[in-house]
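Asks: Quick one: this structure, given as structure tokens, is what I'll be asking you about.
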Amino acid sequence: MGTEHASESLSVEDDPSEIWREYQGARTGTEVECEGWRQEAALRMLNNNLDPEVAEKPEELVVYGGTGRAARSWDDYEAIVKELRELPDDETLLVQSGRAVGRFQTHERAPRVLIANSNLVGKWDNWEHFHELEAEGKIMYGQMTAGSWAYIGTQGILQGTYETLAELGRQEFDGTLSGKIVVTAGLGGMGGAQPLAVTMNDGVCIAAEVDEKRIDRRIETGYCMEKTADLDEALDRAKEAAEAGERYSVGVHMNAADFLEGLAERGFVPDVVTDQTSAHDELEGYYPSGYTVEEADELREEDPETYREESLETMERHVDGILALQEQGAIAFEYGNNIRGQVKQAFDREDAFDFPGFVPAYIRPMFCRGKGPFRWAALSGNPEDIHRTDEAIRELFPEKEGLLRWIDLAQERIEFQGLPSRVCWLGFDTDEDGLTERARFALRINEFVAEGQIEAPVVVTRDHLDAGSVASPNRETEAMKDGTDAVADWPILNALVNCAAGADIVSVHDGGGVGIGNSLHTNNHVVLDGSEQAAETARRVFTTDPGMGVIRHADAGYEEALDAADESGVAIPTRDRQ
Ligand code: NAD
């Protein structure tokens, strides 16, 4: 069954759709407007991604991460909504770069929606060709969870940032950031989690941000404490707080490159330096120095070439600033925005990679055990449903102290944006029944839905940054032990096996986090509606999905992954034959 193509005349520049205005986020409650909960979950998650409380620029369909969009144009958004409302229980909707392109009869246990975003063939897989196609309305940048309808606001990244900084605290300090000053930049959709993640680890954060509205937003939602445009004032307050061992965060309204040079002029060396500006995209993500946001936006429109050049020049100064602080003793790491790759490519600067990425530094040991960020949203819209899931985590994993601390802090400090949701890191480790951590959790939640302890179904999904779902040589697969950083068979296998396992939505994207041509990654959703079918799907998907992390890292020769495979009885044919 085909879907009509949306007209080329409508684009993201057009006025937002009336249907979107009517929704203003996901519909909540126990009544469905689709044929079933699996389709309803897809519709609610799409609208949740575009909730004005959740998305960074919903009126442009931009969810987060530079230009990461949920649909290609407003016309396409409307077409997707219509398709989801009508989709029967035995058909599968195909979405290509934010456009509903077809619908086929499949079967009830097949995914309801399959998504491919931003993918290009190797030789053409670059921003230049992408932008040409984008200008003609033929492709869309899906980022990671933007185009796969799994974004849940800043909380999504919060726990990952919290975990990374906690690991940094364990490796470099006395297990805490108390008394330490972390310097960073970028308070956007993801980067906005940094100040709160630092204070949750008891430290002090100074974050530069060019767009004052973004700082305001982080303050309004409790992610950042104060703002100033005066660097001296920010430094004084930060030092005072650090000396007193107090938690403190401040957004400094200035360009990151100027900010780091300002620190150097003042002879200030922080304990840690990193960055989460949208450096992966020099045209539409990163801001060149010397302009206000409005002036820079104008320059981009009028003279994109000059914008690009100046943006890259600022990025080089920004990287130089990080390198200088590292040289003087600060712990430096890249936080997954490809700023090192950009500077290396534009200026042939090998030394841009003199500071490590955060994955090899702090995350890979967890990936080896299939552990990664796993998230769920209460489709009822009722925060109590999420609190019930928090209790399930406490009941199921009483021995995981870090996880329980996270759940307590999350309950205390996180304001829900859009559908109430929660994120935590669980992995593959199996129990005596062969159930993985993620499967145990999902099955318990499915029971709660069946028993009415939770009001409506819960959708479980995850970041594309996960143990076995991504190939990204400057980020998740940087410096793999066997040199397979750029091998993209793994994410493809991840998507295929999760389709085979019957996930409800499966997606494959190019370029998330680090920009077009630099990564391939996948995602999936499972809708826990209390049925036996949902339980079977959960058991399968939450084995195959984290299991991919174990076999990918075992194949690369990581001992932790080989041990995890042995302990959990994962079949690795080549190893099993030895
Ligand atoms: P975003 O586009 O929502 O926000 C980026 C912010 O940076 C904006 O607020 C922008 O005003 C600011 N900015 C841009 N250039 C600046 C400059 N020169 N100086 C100061 N501020 C500047 O993006 P986001 O979702 O917050 O993601 C930020 C980056 O981090 C992206 O590159 C993303 O891919 C990467 N990222 C990494 C991870 C990870 O795995 N650790 C997770 C999420 C995002």
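Asks: What number of residues in the range 367-391 are within 13 Å of the ligand (Cβ to nearest atom) and in a helix (DSSP H, G or I)?
Replies: Residues in the range 367-391 being within 13 Å of the ligand (Cβ to nearest atom) and in a helix (DSSP H, G or I): 1 in total.
Asks: Look at the range 190-208 and say how many of its residues are touching a Cys at 6+ places or on another chain (Cβ under 9 Å) and either surrounded by fewer than 24 Cβ atoms within 10 Å (Cβ to Cβ) or free of Cβ contacts under 8 Å to residues at least 60 places away in the same chain (or both).
Replies: Result for the range 190-208: 7.
Asks: Another one. Of the residues that sit in the range 239-255 and are open to solvent by less than 30 Å² (accessible area, probe 1.4 Å) and aliphatic (A, V, I, L, M), which one is nearest to the ligand (Cβ to nearest atom)?
Replies: Within the range 239-255, the match that is nearest to the ligand (Cβ to nearest atom) is 252.
Asks: Then there's this: Select, from 284, 313, 309, the only residue that is open to solvent by 50 Å² or more (accessible area, probe 1.4 Å), in a loop (DSSP other than H, G, I, E, B) and under 25 Å from residue 512 (Cα atoms).
Replies: Result of the check over 284, 313, 309: 284.
Asks: If residue 455 passes every condition in (1) open to solvent by 10 Å² or more (accessible area, probe 1.4 Å); (2) assigned to a helix (DSSP H, G or I); (3) more than 22 Å from residue 362 (Cβ to Cβ) but one, which one does it miss?
Replies: Evaluating residue 455 over (1) open to solvent by 10 Å² or more (accessible area, probe 1.4 Å); (2) assigned to a helix (DSSP H, G or I); (3) more than 22 Å from residue 362 (Cβ to Cβ) leaves (2) as the failure.
Asks: Let me ask you something else. Go through the range 95-114 and give me each residue that's touching a residue at least 24 places away in the same chain (Cβ under 8 Å), open to solvent by 50 Å² or more (accessible area, probe 1.4 Å) and within 23 Å of residue 510 (Cα to Cα).
Replies: 101, 114
Asks: Kindly indicate whether any position in the range 412-426 is within 20 Å of the chain's Cα centre (by Cα), modelled with pLDDT under 95 and under 18 Å from residue 498 (Cβ atoms).
Replies: yes
Asks: Sticking with this one: Could you look through the range 471-506, keep only residues that are surrounded by 24 or more Cβ atoms within 10 Å (Cβ to Cβ) and over 30 Å from residue 343 (Cα atoms), and pick out the one that is nearest to the ligand (Cβ to nearest atom)?
Replies: My answer is 494.
Asks: Of all residues in the range 316-350, which are of a type in the set (S, T, N, Q) and assigned to a helix (DSSP H, G or I)?
Replies: Applying the first criterion (of a type in the set (S, T, N, Q)) to the range 316-350 yields 326, 328, 337-338, 342, 345.
Those that are of a type in the set (S, T, N, Q) and assigned to a helix (DSSP H, G or I): 326, 342, 345.
Asks: Within the range 256-266, identify whether any single residue is within 12 Å of the ligand (Cβ to nearest atom) and under 30 Å from residue 142 (Cα atoms), and answer yes or no.
Replies: Looking through the range 256-266, at least one residue is within 12 Å of the ligand (Cβ to nearest atom) and under 30 Å from residue 142 (Cα atoms).
Asks: Please enumerate the residues belonging to the range 513-536 that are open to solvent by 10 Å² or more (accessible area, probe 1.4 Å) and among the polar types (S, T, N, Q).
Replies: 518, 531, 533, listed by residue number.
Asks: While we're here: Given the conditions (1) open to solvent by 20 Å² or more (accessible area, probe 1.4 Å); (2) modelled with pLDDT of 95 or more, report the number of the one that residue 275 does not fulfil.
Replies: Status for residue 275: all satisfied but (1).
Asks: Would you please list the contacts, defined by Cβ atoms under 7 Å and residues six or more apart or on different chains, that run from a residue in the range 280-303 that is at negative phi to a residue that is among the acidic types (Asp, Glu) and within 9 Å of the ligand (Cβ to nearest atom)?
Replies: Hits for this filter: 289/258; 293/211.
Asks: (1) closer than 22 Å to residue 508 by Cβ; (2) modelled with pLDDT of 95 or more; (3) not aromatic (Phe, Trp, Tyr): which one isn't true of residue 437, the others all being true?
Replies: Of the numbered conditions (1) closer than 22 Å to residue 508 by Cβ; (2) modelled with pLDDT of 95 or more; (3) not aromatic (Phe, Trp, Tyr), the odd one out for residue 437 is (1).
Asks: Another one. List pairs: first residue in the range 509-525 and on the phi > 0 side of the Ramachandran plot, second residue more than 11 Å from the ligand (Cβ to nearest atom) and open to solvent by 10 Å² or more (accessible area, probe 1.4 Å) anywhere in the structure, Cβ distance under 7 angstrom, at least six positions apart or on different chains.
Replies: 511/517; 515/127; 517/125; 517/126
Asks: Go through the range 181-202 and give me each residue that's in a loop (DSSP other than H, G, I, E, B), out of contact with any Asp or Glu (no Cβ under 7 Å at 6 or more places or on another chain) and within 11 Å of the ligand (Cβ to nearest atom).
Replies: So in the range 181-202, the residues in a loop (DSSP other than H, G, I, E, B) come out as 186-192, 201-202.
From what's left, out of contact with any Asp or Glu (no Cβ under 7 Å at 6 or more places or on another chain): 190-192, 201-202.
Selection gives 190, 191, 192.
Asks: For residues in the range 140-171 being open to solvent by 10 Å² or more (accessible area, probe 1.4 Å) and hydrophobic (A, V, I, L, M, F, W, C), which is farthest from the ligand (Cβ to nearest atom)?
Replies: 166
Asks: Collect the residues in the range 209-233 that are within 14 Å of the ligand (Cβ to nearest atom) and surrounded by fewer than 24 Cβ atoms within 10 Å (Cβ to Cβ), keeping them in residue-number order.
Replies: Across the range 209-233, the qualifying residues are 211, 212, 213, 214, 216, 217, 219, 221, 227, 229, 231.
Asks: Another question, then. Do we have residue 467 as touching a strand residue (DSSP E or B) at 6+ places or on another chain (Cβ under 7 Å), within 16 Å of the ligand (Cβ to nearest atom), open to solvent by less than 10 Å² (accessible area, probe 1.4 Å) and not basic (Lys, Arg) here? I'd like the intermediate steps shown before the answer.
Replies: Working: touching a strand residue (DSSP E or B) at 6+ places or on another chain (Cβ under 7 Å): yes; within 16 Å of the ligand (Cβ to nearest atom): yes; open to solvent by less than 10 Å² (accessible area, probe 1.4 Å): yes; not basic (Lys, Arg): yes.
Against the criterion (touching a strand residue (DSSP E or B) at 6+ places or on another chain (Cβ under 7 Å), within 16 Å of the ligand (Cβ to nearest atom), open to solvent by less than 10 Å² (accessible area, probe 1.4 Å) and not basic (Lys, Arg)), residue 467 qualifies.
The values are calculated or read from the model by the stated rules, or taken from the named source; none is laboratory data. The structure displayed is predicted, hence computed values, not measured ones. Using ideal geometry, Cβ is built from the backbone for each residue, glycine included, and neighbour counts are taken over all protein chains shown. SASA here: full protein model, heavy atoms, side chains in, ligands and nucleic acids out. Shrake-Rupley method; radii C 1.70, N 1.55, O 1.52, S 1.80 Å.
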